[in-house]
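What follows is a single structure, written as structure tokens, with notes after it.
The values are calculated or read from the model by the stated rules, or taken from the named source; none is laboratory data. Please read these numbers as outputs of a predicted model, since none were measured by experiment. Ideal geometry is used to build each Cβ from the backbone, glycine not excepted, and the neighbour counts take in all protein chains shown. Each accessible area value is taken on the protein alone, full model and side chains, heavy atoms only, with ligands, DNA and RNA left out. Shrake-Rupley method; radii C 1.70, N 1.55, O 1.52, S 1.80 Å.
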Amino acid sequence: MSGVTKVFDGRQGRVQALEPIDLDIRPGEFVSILGPSGCGKSTLMMLLAGLIPMTAGEIRVEGDKVDGPTPDSGIVFQRDVLLDWRSALQNVLIQAELRKSDMTKARARATELLSMVSLDDFHDAYPKELSGGMRQRVSICRALLHRPRLLLMDEPFGALDAMTRDQLQIDLLRLCRDDKMTVFFITHSITEAIFLSDRIVVMTPRPGRVEQIVDIDLPRPRRLAMREDPKFIEYTHQLTGIFKSLGVFREE
Amino acid sequence: MATITDPQADRTEAAPLRFLKAVPMVVYTLVGLLVFWELAVRLGDVPSFILPTPTAIAMEFYDYGHRLFPNAMVTLFEVLLGFTLAVLIGVPLAVSIVYSKFMAKGVYPLIVASQTIPKVAIAPLLLTWFGYGMTPKIVIVILLAFFPIVINSVMGLKSAPDEMLHLARSMGASSWQTFWKFRLPQALPSIFAGLKLATALSVIGAVVAEFIGADKGLGYLIVIAGANFDVTRQFAAIICIALIGMSFFLVLERVERFAIPWRDKSDGHD
């Protein structure tokens, strides 16, 4: 696996969503993009996924230029976009169906993934019968079915309640641990970013620009209790400080 | 102990009550209404050429059934054939409107605007063009039924959220697969809503077409009976039309449940 290099430089319509962005992500790294709403985080992910064309610049994933849907990637959106007419298992399997993979292997992998997120008993349930947290877990399994090298997540837990969110963060870390996978995680939660990431890319409000990159030096596996760790709290202070100086937070 | 009641006694007492409760509420209302109607007409001495009694209408079915039935079959045939053709034209047309810019910008507005023309007003014209046979009836049914089918299908096919289409692309879906595996199933509930609206309109279309010029069908029977002041016969024909409309709707609802099983389950818990 050669190094992953990406150079962004995007412009969307008349509104400049992103100022030229240079970013280098290492293989196997968990990177969070942290920024306020409307800073172009999602645009950045869509560019990386090859789903929208960029105005200028180029992105390379493992040396290959991105100019169409990035094949070796899995995507999770804030909305789970499960297909209502398919059971949980079939929703996961659609990934293999469309990629024309070996269905027997895919089925085994799907069963394994669903069991890792404690959904063994829900293979045949329709999405409407599942809770929000369960639905998002199925959608994560769908993104991981083909063992992508790159997992793209756009505020995947943004619509979930705080407790479900905690559980899904732990589930996600467990799922990522086994495969040497690069994760590109978009969030606007400081705590979530620190808890999950190796590095945090802090973005400014529109037009989006990389303000600072913060390395998170916390041991893995991460535990929920680490959020009270002095080091964790220090990171929280540091990031809050950055956003204050950017004018994102105003306390008066 | 005071809290323990005799289950045996409880059961014997509740039995007739339970039987009464098993009959849907609406049946009582309907029976009540019919009884009221019968009594009002009899006691009020309303002449039968103004309002016949329910029993007289029921007798009419018995006496005149041999003529009602074949005419009902004619109307039913027009409804079914017209509806089927409307589906075969409407759904593919909706697909072309969603996928082609020319159809969306050049043709769709015309279809929408054409709906301001009352179809009943064109019926005599269709008669001039196609004669007194089956054709003008089928055409009118198509004209009435096709619009809700097109509109609802277009809405349904456009209802797939952006993220879903992005997801499809990221998994390498061809546009053919995106249509079959994402857009079409997503559109089914909306398409069926259109079809259900179209059932009622199809029946209206067939009957109106028969009013204007026909020598068979329930619409024709109503016109003839009206000319003879035979209100009882008119009522019998109206009931036949209502039965056709209701059964058509119910059959379609069955088909919908079969085609969209994931919907049924979610509705089950209330």
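Before moving on, here are some points about what is shown:
- Any hit, region B:38-51, residues being of a type outside the set (V, I, T), on the phi > 0 side of the Ramachandran plot and surrounded by fewer than 17 Cβ atoms within 10 Å (Cβ to Cβ): yes
- Inter-residue pairs, beta-carbon under 7 Å, first surrounded by fewer than 19 Cβ atoms within 10 Å (Cβ to Cβ) and in region B:66-83, second β-branched (V, I, T), 6+ apart: B:L81/B:I138
- Only one of the listed residues (B:Q186, B:Q234) is farther than 30 Å from A:L83 by Cβ and outside any loop (DSSP other than H, G, I, E, B). That residue is B:Q234.
- All positions within region A:38-77 that are at pLDDT 80 or above, away from chain B (no Cβ under 14 Å) and closer than 22 Å to A:H188 by Cβ: A:K41, A:L44
One line per residue, one yes/no per condition, for (1) closer than 30 Å to B:I50 by Cβ; (2) buried (at least 22 other Cβ atoms within 10 Å of the Cβ); (3) touching a strand residue (DSSP E or B) at 6+ places or on another chain (Cβ under 9 Å):
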{"site": "B:A225", "(1), (2), (3)": "yes, no, no"}
{"site": "B:D230", "(1), (2), (3)": "yes, no, no"}
{"site": "B:R233", "(1), (2), (3)": "yes, yes, no"}
{"site": "B:E253", "(1), (2), (3)": "no, no, no"}
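- Only a single item in (1) open to solvent by less than 30 Å² (accessible area, probe 1.4 Å); (2) within 24 Å of B:I241 (Cβ to Cβ); (3) under 24 Å from the mean Cα position of the chain (by Cα) is not met by B:A94, and it is number (2).
- Scanning region A:189-212 for residues that are surrounded by fewer than 19 Cβ atoms within 10 Å (Cβ to Cβ) and within 17 Å of the chain's Cα centre (by Cα) gives A:S189, A:T191, A:D198, A:R199.
- A:L83 vs. criteria more than 18 Å from the chain's Cα centre (by Cα) and crowded, with 19+ Cβ neighbours inside 10 Å: yes
- Filtered residue count, region B:139-186, keeping only those that are of a type in the set (A, V, I, L, M, F, W, C), open to solvent by less than 20 Å² (accessible area, probe 1.4 Å) and either away from chain A (no Cβ under 11 Å) or touching a strand residue (DSSP E or B) at 6+ places or on another chain (Cβ under 7 Å) (or both): 8
- Taking the conditions (1) more than 19 Å from B:M164 (Cβ to Cβ); (2) at pLDDT 90 or above in turn, A:M116 satisfies each one other than (2).
- Within region A:92-109, considering residues that are open to solvent by less than 40 Å² (accessible area, probe 1.4 Å) and within 14 Å of chain B (Cβ to nearest Cβ), the one farthest from B:R169 (Cα to Cα): A:A106
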